[in-house]
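Each remark here refers to the structure printed beneath this line.
Coordinate-derived values only; no laboratory data. Here the structure is a predicted model, which is why all the values come from computation and not from measurement. Please note: Cβ atoms are built from the backbone with ideal geometry, for glycine as well, and neighbour counts cover all protein chains shown.
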Amino acid sequence: MATKNKKVETRLDDDTYRLLEQIAEDSETSIYELIQRFIGWGVESRRPLKEQSGVRIVSGIVSKEVYKMLEHFSNKENASISEVVTTCINHVYDEIVKNSK
């Protein structure tokens with residue numbers, strides 16, 4: 001399928017490329033989609049606040065046990081781990097707002 005989007009090319013050392021391949025495999029996505037996401041996250045997080053899309057990217061560290069649980073729900077719901085984490089965060093936020101009234 002042809003696209004009118006601009007194409008960006010770069011060169012990577014072998015170690016970085018292998019790491020991207022592994023991350024893509026672990027994320028069950030292609031290297032190209034992964035790089036597209038990285039670029040999107042990087043650009044969005046550096047936009048002036050008044051131009052941002054209304055969402056922000058957050059990250060965190062979890063134990064292996066928590067990650068396995070997230071992975072389980074990800075597989076069960078046929079969703080990415082990122083989508084599962086976003087759903088969890090939004091659910092907790094909604095509960096906090098509800099309980100603060």
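The length gained by stretching the chain between Lys68 and Ala24 to full extension, at 0.36 nm per residue less their Cα-Cα distance, is 14.1 nm. Taking label positions 7 Å along the Cα-Cβ direction at both Glu77 and Asp13, the computed distance is 3.8 nm, reported to one decimal.
Peptides 29-38, 90-99, 63-72 ranked from most to least packed by the mean count of surrounding Cβ atoms within 10 Å: 29-38, 63-72, 90-99. When +1 charges are put on Lys and Arg Cβ atoms and -1 charges on Asp and Glu Cβ atoms, the dipole computed for the chain relative to its Cα centre reaches about 620 debye.
Labels on offer are [x] 50; [y] 29; [z] 38, and the one holding percent of Cα pairs over 22 Å apart computed from this structure is [x]. Provide, for the chain, the number of lysine pairs with alpha carbons under 30 Å apart, each pair being eight or more places apart or on different chains. Lysine pairs meeting the criterion: 9.
For the range 84-101, 3J(HN,Hα) computed residue by residue from phi via the Karplus equation (6.51, -1.76, 1.60; θ = phi - 60°) reads 5, 4, 4, 4, 4, 4, 5, 5, 5, 4, 4, 5, 4, 4, 4, 7, 8, 8 Hz, glycine and proline entered as x. Full extension of the chain between Arg47 and Glu33 gives 2.9 nm of extra length, using 0.36 nm per residue less the Cα-Cα distance.
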